[in-house]
Amino acid sequence: MTVTRSEYCVIACAEAWRDAGEILASPMGLIPSVGARLARLTFSPDLLLTDGEALLVRPDGTPEGWLPYRQHLALVTGGRRHVMMGASQIDRYGNQNISCIGDWARPKRQLLGVRGAPVNTLNNPTSYWVPRHSRRVFVEKVDMVCGVGYDHAAGARFHRIPRVVSDLGVFDFDTPDRSMRLASLHPGVTVEQVREATGFDPVVPDEVPYTREPTAHELELIREVLDPAGTRAREVGA
């Protein structure tokens with residue numbers, strides 16, 4: 001059975017929470033949300049899912065517990081949450097921008113705003129999901145640091161960027177200087193495509209594996225339980 005690009009992206013996002021234990025997953029975006037719920041149903045059964053407000057929920061959305069704001073903050077600041085955020089810009093060291101394009105004093109474009117990104121990224125693991133990999137997103141230097149990268153995180157106890165997932169592949173920072181490395185390619189994508197779509201030179205190993213295929217059971221869960229309407233395909237657009 002043919003696996004779509006969006007389904008490889010779901011698997012790549014789900015793998016961010018593999019064997020995570022009892023931590024809070026905070027996915028932002030449809031494909032990360034499907035990925036987190038898939039992880040909970042398969043290889044990370046202790047994962048905690050939230051409705052984004054005050055409840056802990058099961059993968060089908062039904063409540064299974066209460067998450068008061070005080071406890072939520074304790075999880076956030078104590079390294080017991082793994083959030084997967086979006087990025088309007090991200091650079092080679094994992095600095096993320098969701099605030100503005102251009103000089104912050106006179107921006108060309110106003111975006112979402114800094115919001116809680118500095119606290120999130122300094123105090124709990126943060127991964128990123130980019131549905132459209134391009135030089136406009138993967139830049140040499142972000143216009144404003146919102147999410148904190150490895151070159152600005154000295155002394156932060158719980159700072160960690162496990163992975164960046166895009167519609168082209170998966171990236172990590174497993175390099176001596178903590179710069180971005182191509183960890184896997186989604187099937188059908190080449191290294192040359194990644195380099196062409198990236199505004200800096202990522203570290204590329206001599207051999208780059210492909211993102212793993214979903215199992216038959218995982219495909220069934222994605223297609224029949226978690227996203228039967230197939231809306232995941234619209235987020236990736238491939």
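Where a number appears in this text, it was derived from the coordinates with a stated rule and is not lab data. Keep in mind that what you see is a predicted model, and the values were worked out from it rather than measured. Every residue, glycine among them, receives a Cβ derived from its backbone with ideal geometry; neighbour counts consider all protein chains shown.
The table that follows gives values for the structure above.
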read-out: Those residues of region 86-116 which are farther than 27 Å from A20 by Cβ and in a loop (DSSP other than H, G, I, E, B), in sequence order; value: S99, G102, D103, W104, A105, R106, P107, K108, L111, G113
read-out: D174 being under 18 Å from the mean Cα position of the chain (by Cα) and among the charged types (D, E, K, R); value: yes
read-out: Extreme residue, surrounded by the fewest Cβ atoms within 10 Å (Cβ to Cβ), among residues of region 190-225 that are hydrophobic (A, V, I, L, M, F, W, C) and more than 25 Å from T175 (Cα to Cα); value: A216
read-out: Some residue of region 206-226 being part of a loop (DSSP other than H, G, I, E, B), out of contact with any strand residue (DSSP E or B) (no Cβ under 6 Å at 6 or more places or on another chain), without any contact (Cβ under 8 Å) to a residue 60 or more places away in the chain and under 19 Å from L30 (Cα atoms); value: no
read-out: Residue in region 7-26 that is of a type in the set (S, T, Y) and farther than 20 Å from G169 by Cα present; value: yes
read-out: Scan of region 10-65 for residues that are of a type in the set (K, R) and farther than 22 Å from I161 by Cα, ordered by number; value: R58
read-out: Hits in region 35-58 (condition: surrounded by fewer than 21 Cβ atoms within 10 Å (Cβ to Cβ) and farther than 15 Å from E22 by Cα); value: D51, G52, E53, A54, L55
read-out: Lone unmet requirement of (1) surrounded by 11 or more Cβ atoms within 10 Å (Cβ to Cβ); (2) under 25 Å from V130 (Cα atoms) for L73; value: (2)
read-out: Among the residues listed as R106, R58, R92, R5, the single one being basic (K, R) and in contact with a Ser or Thr (Cβ under 6 Å, 6 or more places away or on another chain); value: R92
read-out: Tally, over region 15-29, of residues that are within 21 Å of E64 (Cα to Cα), hydrophobic (A, V, I, L, M, F, W, C) and buried (at least 20 other Cβ atoms within 10 Å of the Cβ); value: 4
read-out: Any hit, region 174-194, residues being touching a Ser or Thr at 6+ places or on another chain (Cβ under 8 Å) and in a loop (DSSP other than H, G, I, E, B); value: yes
read-out: Every residue from region 227-238 that is in a loop (DSSP other than H, G, I, E, B) and surrounded by 15 or more Cβ atoms within 10 Å (Cβ to Cβ); value: D227, A238
read-out: Residue in region 59-71 that is farther than 21 Å from H186 by Cα, in contact with a strand residue (DSSP E or B) (Cβ under 6 Å, 6 or more places away or on another chain) and among the small types (G, A, S) present; value: yes
read-out: Test: residue in region 188-205 that is in contact with a Phe, Trp or Tyr (Cβ under 6 Å, 6 or more places away or on another chain) and of a type in the set (G, A, S); value: yes
read-out: Breaking point among (1) in contact with a helix residue (DSSP H, G or I) (Cβ under 7 Å, 6 or more places away or on another chain); (2) assigned to a loop (DSSP other than H, G, I, E, B), for S127; value: (2)
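Residues are listed down the side, and each one gets a yes or a no for (1) farther than 30 Å from E192 by Cβ; (2) hydrophobic (A, V, I, L, M, F, W, C); (3) surrounded by fewer than 23 Cβ atoms within 10 Å (Cβ to Cβ):
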{"site": "M84", "(1), (2), (3)": "no, yes, no"}
{"site": "V114", "(1), (2), (3)": "yes, yes, yes"}
{"site": "N123", "(1), (2), (3)": "yes, no, yes"}
{"site": "Y128", "(1), (2), (3)": "no, no, no"}
{"site": "M144", "(1), (2), (3)": "yes, yes, yes"}
{"site": "S166", "(1), (2), (3)": "no, no, no"}
